[in-house]
């Protein structure tokens, strides 16, 4: 595993600086850019004694491999990868019904980042993904997540079906989204401990994952389109849970 990783985008860098400034190794900022938000972050970095190198746009673009960096890129110590063993402590500390998100085979980093952002906004306690056949925490994911990747626990599990069974043993009800479901999400009671399982782009939940759900639900589709982008559907479903719990 790499001992360092790149982080770019104003929100992602600022969020990590607030939570884990000790992880910063060095920072590259766009030379000649006069931006209030960027200047504010550079000032904070200077307060922490973190080295900031000014670079021309071409060099910045090459370093971010063409992704939008908003004038700032940080090289930071690699984050600890959370696994099955980290899930129990998270659940044990809760003083409210668990609210989890399971992403089955979401391989597009932009979709994973958007799902993390929605999960953070909705108050999800942890996001669970399979170790294989899934996007991981890349710089793109962190950038799209707008800081949520630094606060939302992302649990990588080796056997998703086994993890789902363990959750059910704890009394957590698992709702899986599927186009063939007969139950509409708006007709479900979502106030108790639960996990929402969302499938991959285009494919939906894998057969084994679907079979391990307690109940299959769907969003009502009124138009010609048969399905939504996974990050859009995830946001809608998560905030239906929020609405019911409030």
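Screening residue 169 against (1) at pLDDT below 90; (2) surrounded by fewer than 18 Cβ atoms within 10 Å (Cβ to Cβ) leaves a single unmet condition, (1). Hey, can you tell me all the residues within the range 120-153 that are closer than 21 Å to residue 202 by Cβ and either in a helix (DSSP H, G or I) or modelled with pLDDT under 95 (or both)? Passing the criteria: 132, 133, 134, 135, 136, 138, 140, 141, 144. Candidates 132, 187: the one that is surrounded by fewer than 13 Cβ atoms within 10 Å (Cβ to Cβ) and over 22 Å from residue 113 (Cα atoms) is 187.
Looking across 140, 106, one residue alone is over 24 Å from residue 36 (Cα atoms), within 14 Å of the chain's Cα centre (by Cα) and not assigned by TED's automatic domain parsing to the domain that holds residue 16. It is 106. Inclusion of residue 232 among residues that are within 23 Å of residue 94 (Cβ to Cβ) and surrounded by fewer than 17 Cβ atoms within 10 Å (Cβ to Cβ) is not warranted.
Of the listed requirements (1) more than 9 Å from the chain's Cα centre (by Cα); (2) more than 13 Å from residue 102 (Cα to Cα); (3) surrounded by 17 or more Cβ atoms within 10 Å (Cβ to Cβ); (4) without any contact (Cβ under 8 Å) to a residue 60 or more places away in the chain, residue 160 misses just one: (2).
When 62, 22, 26, 5 are checked against the criterion of being touching a helix residue (DSSP H, G or I) at 6+ places or on another chain (Cβ under 8 Å) and either exposed (fewer than 13 other Cβ atoms within 10 Å of the Cβ) or in a strand (DSSP E or B) (or both), 5 stands alone in meeting it.
In the range 87-114, which residue that is touching a strand residue (DSSP E or B) at 6+ places or on another chain (Cβ under 6 Å) and outside any strand (DSSP E or B) is surrounded by the most Cβ atoms within 10 Å (Cβ to Cβ)? So, considering only residues that are touching a strand residue (DSSP E or B) at 6+ places or on another chain (Cβ under 6 Å) and outside any strand (DSSP E or B), the one surrounded by the most Cβ atoms within 10 Å (Cβ to Cβ) is 106.
The values are calculated or read from the model by the stated rules, or taken from the named source; none is laboratory data. Just so it is clear, the model here is predicted, and its values are computed rather than measured. Please note: Cβ atoms are built from the backbone with ideal geometry, for glycine as well, and neighbour counts cover all protein chains shown.
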